[in-house]
Amino acid sequence: MAEGAVEVPADSGAGGDSGASVLERGVAPIKPQYLTTKEHFHGFLEAKGREKLCQDSEAGDPDGADNAEPEAKRIRLEDGQPEAAVEPGKQPQAPKRARGQNKSRPHMKPTQYDQNRLCPSLIQESPAKCFFGDRCRFLHDVVRYLETKPPDLGPRCVLFETFGRCPYGVTCRFAGAHLGPEGQNLVLEELLARGAHMPPLRNALDKTLQRQLRKRQVRFERAEQALRGLSQGPVQAAAVAELTAPEGDSGQNHCTALQDPAELGAGSPVQTCGPLTDEDTVRLRPCEKKRLDISDKLYLAPLTTCGNLPFRRICKRFGADVTCGEMAMCTNLLQGQTSEWALLRRHPCEDIFGVQLEGGFPDTMAKCAELLNRTIEVDFVDINVGCPIDLVYKKGGGCALMNRPAKFQQIVRGMSQVLDVPLTVKIRTGVQEHANLAHRLLPELRAWGAALVTLHGRSREQRYTKLADWQYIGQCVEAASPMPLFGNGDILSYEDANRAKQTGVAGIMIARGALLKPWLFTEIKEQRHWDISSSERLDILRDFTHYGLEHWGSDTQGVEKTRRFLLEWLSFLCRVDPPLPHLGPFRPVLAPPLAIGPAHLAPPRRYVPVGLLEVLPQRINERPPYYLGRDYLETLMASQQAADWIRISEMLLGPVPPNFAFLPKHKANAYK
């Protein structure tokens, strides 16, 4: 046993609630000296913890079979349910907890600090007067603001130490590190002299463009011409391409057209600025488009909620070659929603980066592709045809496109015509479990204009209840040739990656394996198992918080947003308790954060340290039993209690606000 290992009593072996055995099917084979029971596990954490775990959760759920509910919801349930009459001679039963969607869960953002918010003109140290003038509702008294401001969360400011200046000034939750005696914002001249500055935002939404999108003042000439050609046939499409720009209006429609000068026709005068180049007059043919050569590279999948920019930076540091933004709804992008455009942001370290779009209609997808083609920097655009959730499927997007070949064809052809970068597609094997469609769609996708396809080896109906069918992925490689095909599903070790490459795929996409162990990319490239320590794992989480403060800000709103996404990631690593029923030859495996399905499909998930495993490698469909790690921190990271996740966040971001209540999205929204 490693130094600092926890001695487990002899009576706390594989018995008890865990029922774990090395030979039990679907259970991670952990060494017997680390196995324990649920009571010993939680008792150990409670005894060694700095603060006592919340006792209300145990009172509400005596079996401890689920995570603690937020205080607000528990009080509402207890007060709202009438007390049943107790017959004489019988003990009163504890009220049942409501299960399912928690639609009234509290907001993550603290509201008690919004009453005395400082004016942005003072935060940005603008020499001019307030931006809002006499209508400003913000506070202009810095001394008064400092009196009501909550205490700092730490003595060091990451932004100040990294870039030499913190743009959040007195509103920073670590402002003590860079505030002078009179409240002025200090600057490290040495860092600024060396050129250290915050990286500029890439793929940010311009305010002028946002106003035009909200007022529908943006025209999409290339998309409209492509859609007219698709609806009228190939002969009419050639004639439509030669049409000139539409006639000028009477002056009432002040629309900004997103169009190429070449599309206006040879006889139309075009106002240009600067020297005339070939790109101004000659449009690229499909064969002249930039090619996407990512064969044998490690592709980090677009992960909803958890695949944010700070997490992608972590994966890039450990060896990810290709990254992709989270799934973005094309309708929300066309409406200029700031939250949706934030999913497109790109960090300078992401050398090969793409965005993923979701939609079920050719017009919105083509217009969105044209909009992104002109406004952001990407290496490719991906179409999501693999999303299984009902919210997307019932609107005709995601997996539903596999059963709508006509719409699917129009979307791919239309987007391919308006994009100057390669177009990729991510699909599943099909919709129903025993009705594979991918092998029939792949030759069509190649003809429609797709440059690369990623195949997830499960159907929508299977979700994550069966292992990925890599044998079928191998068959689809021949159907897709010469178009490159990437495979996706159940990659958690370098052995899994090696077996996947034997199917002939051009590369592999890693999704849940990266969430469970971001250092998986290093393991694959170095062909080894990394027995990473708990302190190294905590350092990874600390780096994530530093990247989060840099991305979302170091003020109150940015700190709590960083904490929220950190807790979402930690909740993804938890295990489901009680043990899941045995469904077929394999136990249920991990579902995405926004998956929707019954509670019995909730999959087990948690990384088990390599040094604790009796048989390597860990399988992604194996359920970890209760175990005590080699130190307290390793045991704490194995907890499935939300209170323990919050305790880990407090190690990195300081104490939580008084009204903070956390319930992960995949718990609140997914299991009905």
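For the stretch 12-46, enumerate the residues that are among the aliphatic types (A, V, I, L, M), at pLDDT 50 or above and over 32 Å from the mean Cα position of the chain (by Cα). Of everything in the stretch 12-46, those that are among the aliphatic types (A, V, I, L, M), at pLDDT 50 or above and over 32 Å from the mean Cα position of the chain (by Cα) turn out to be Leu23, Leu35. For the stretch 311-337, the set of residues classified as within 17 Å of the chain's Cα centre (by Cα), open to solvent by 30 Å² or more (accessible area, probe 1.4 Å) and among the aliphatic types (A, V, I, L, M) consists of Met329 only.
Of all residues in the stretch 159-175, those that are without any contact (Cβ under 8 Å) to a residue 60 or more places away in the chain and open to solvent by 40 Å² or more (accessible area, probe 1.4 Å) total 3. Please go through the stretch 136-151 and pick out each residue that is touching a residue at least 40 places away in the same chain (Cβ under 8 Å) and either of a type in the set (Asp, Glu) or in a helix (DSSP H, G or I) (or both). Scanning the stretch 136-151 gives Val142, Val143. Scanning the stretch 176-215 for residues that are touching a residue at least 24 places away in the same chain (Cβ under 8 Å), open to solvent by less than 30 Å² (accessible area, probe 1.4 Å) and farther than 30 Å from Val381 by Cβ yields Gly183, Asn185, Leu191, Ala196. The condition of being open to solvent by less than 20 Å² (accessible area, probe 1.4 Å), farther than 30 Å from Gly548 by Cβ and of a type in the set (Phe, Trp, Tyr) holds for only one of Phe361, Phe408, Phe380, that being Phe408. With respect to Pro150, determine if the residue is at pLDDT below 80 and open to solvent by less than 60 Å² (accessible area, probe 1.4 Å). Judged against the criteria, Pro150 is not a match.
Can you find a residue in the stretch 587-609 that is closer than 29 Å to Ala47 by Cα, in contact with a strand residue (DSSP E or B) (Cβ under 8 Å, 6 or more places away or on another chain) and modelled with pLDDT of 90 or more? Yes, some residue in the stretch 587-609 is closer than 29 Å to Ala47 by Cα, in contact with a strand residue (DSSP E or B) (Cβ under 8 Å, 6 or more places away or on another chain) and modelled with pLDDT of 90 or more. With respect to Gln640, determine if the residue is outside any helix (DSSP H, G or I) and open to solvent by 10 Å² or more (accessible area, probe 1.4 Å). Spelling it out, it is not the case that Gln640 is outside any helix (DSSP H, G or I) and open to solvent by 10 Å² or more (accessible area, probe 1.4 Å).
Count, please, the residues in the stretch 532-548 that happen to be open to solvent by less than 20 Å² (accessible area, probe 1.4 Å) and closer than 14 Å to Arg312 by Cα. Residues meeting the conditions: 5.
Whether any residue in the stretch 512-531 is open to solvent by 20 Å² or more (accessible area, probe 1.4 Å) and over 28 Å from Gly487 (Cβ atoms) is what I want to check. No, the conditions are met nowhere in the stretch 512-531.
Inspect all residues belonging to the stretch 395-402 and state whether any of them is among the small types (Gly, Ala, Ser), on the phi > 0 side of the Ramachandran plot and buried (at least 18 other Cβ atoms within 10 Å of the Cβ). Yes, there is a match, as at least one residue in the stretch 395-402 is among the small types (Gly, Ala, Ser), on the phi > 0 side of the Ramachandran plot and buried (at least 18 other Cβ atoms within 10 Å of the Cβ). If you filter the stretch 477-495 down to residues that are in a helix (DSSP H, G or I) and either of a type in the set (S, T, N, Q) or in contact with a helix residue (DSSP H, G or I) (Cβ under 8 Å, 6 or more places away or on another chain) (or both), you find that the one that is modelled with the highest pLDDT is Tyr494.
Each row is one residue, and each column tells you yes or no for (1) at pLDDT 95 or above; (2) not in a strand (DSSP E or B).
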position	(1), (2)
Met509	yes, no
His529	yes, yes
Asp539	yes, yes
Ser554	no, yes
Leu567	no, yes
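Taken over the stretch 122-145, the criterion of being loosely packed, with under 15 Cβ neighbours inside 10 Å and of a type in the set (A, V, I, L, M) is satisfied by Ala128, Val143. Filter the stretch 456-476 down to residues that are in contact with a strand residue (DSSP E or B) (Cβ under 6 Å, 6 or more places away or on another chain), outside any helix (DSSP H, G or I) and under 20 Å from Ile294 (Cβ atoms), then give me how many there are. Summing the residues that are in contact with a strand residue (DSSP E or B) (Cβ under 6 Å, 6 or more places away or on another chain), outside any helix (DSSP H, G or I) and under 20 Å from Ile294 (Cβ atoms) in the stretch 456-476 gives 1.
Conditions (1) open to solvent by 20 Å² or more (accessible area, probe 1.4 Å); (2) of a type in the set (Asp, Glu); (3) under 30 Å from Val610 (Cα atoms), marked per residue:
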position: Val431; (1), (2), (3): no, no, no
position: Leu442; (1), (2), (3): no, no, no
position: Gly457; (1), (2), (3): no, no, yes
position: Asp469; (1), (2), (3): yes, yes, yes
position: Tyr472; (1), (2), (3): no, no, no
position: Val477; (1), (2), (3): yes, no, no
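The values are calculated or read from the model by the stated rules, or taken from the named source; none is laboratory data. This structure is a prediction, so every number in the text was calculated from the model and none was measured. Every residue, glycine among them, receives a Cβ derived from its backbone with ideal geometry; neighbour counts consider all protein chains shown. Heavy atoms of the whole protein, side chains included, go into the accessibility calculation; ligands, DNA and RNA do not. Shrake-Rupley method; radii C 1.70, N 1.55, O 1.52, S 1.80 Å.
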